[in-house]
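Just so it is clear, none of the values below were taken in a lab; they were calculated from the coordinates. All values reported here derive from a predicted model rather than from experimental measurement. Methodologically, a virtual Cβ is constructed for each residue, glycine included, from the backbone with ideal geometry; neighbour enumeration extends over all protein chains shown.
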Amino acid sequence: MTENKQKTLINFKKAQSHLAKIIKMTEGGQYCIDIMQQNLAVIGLLKSAHQMLMEGHLNSCFKNAMASKNEAKKQAMIEEILKVTRIVNK
């Protein structure tokens, strides 16, 4: 596993841990602002993980596709990146 993927996995695990805490806080009737702060921490971890995944993808799969002579493969890869980018920007 690459260092980038290891860091991404760490972020996912941290987010999972925070999310479990948020669920307990919500079930326990904790103060809303405290829950929202934990929620924002999860969002930040997930955004960071997404960015790391995108960087890894661009530096490996995307780069390899663009170096190939297969125009259909290149176009499909571009469409994938655009699709994910559109989802992120919603």
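Under the combined filter of DSSP loop state and at most 14 neighbouring Cβ atoms within 10 Å, the chain retains these chymotrypsin sites (Phe, Trp or Tyr not before Pro): Tyr31.
When only alpha carbons are used to place a centre, the range 71-88 and the range 19-45 end up 34 Å from one another. When His18, His57 are arranged by Cβ crowding within 10 Å, least crowded first, meaning fewest neighbours, the order is His57, His18. Could you sort out which of Lys7/Lys83; Lys7/Lys63; Lys14/Lys63; Lys47/Lys74; Lys14/Lys73 sit more than 28 Å apart by Cα distance in this structure? Checking Cα-Cα distances, Lys14/Lys63; Lys14/Lys73 exceed 28 Å. Across Gln16, Gln37, Gln51, mean-square fluctuation computed from a Gaussian network of the chain (C-alpha pairs under 10 Å connected) peaks at Gln37.
Note on Lys5: aspartates and glutamates with a C-alpha under 16 Å away, same-chain residues under 8 apart excluded, are Glu55. In terms of other Cβ atoms within 10 Å, Met1, Met52, Met66 run from fewest to most in the order Met1, Met66, Met52.
Placing pseudo-labels 7 Å out from each Cα toward the beta carbon at Leu53 and Ile87 gives an inter-label distance of 0.7 nm. Quick one: grab the alpha carbon gyration tensor of the chain, order the square roots of its eigenvalues as a ≥ b ≥ c, and give me rounded if a/c is under 1.5, else prolate or oblate depending on whether a/b is larger than b/c. Since a/c reaches 1.5 and a/b is larger than b/c, the shape of the chain is classed as prolate. Assuming R0 = 30 Å, can you tell me the calculated FRET efficiency for the pair Thr2 and Ala76, based on Cβ-Cβ distance, to the nearest 0.05? Working from the Cβ atoms, E equals 0.80.
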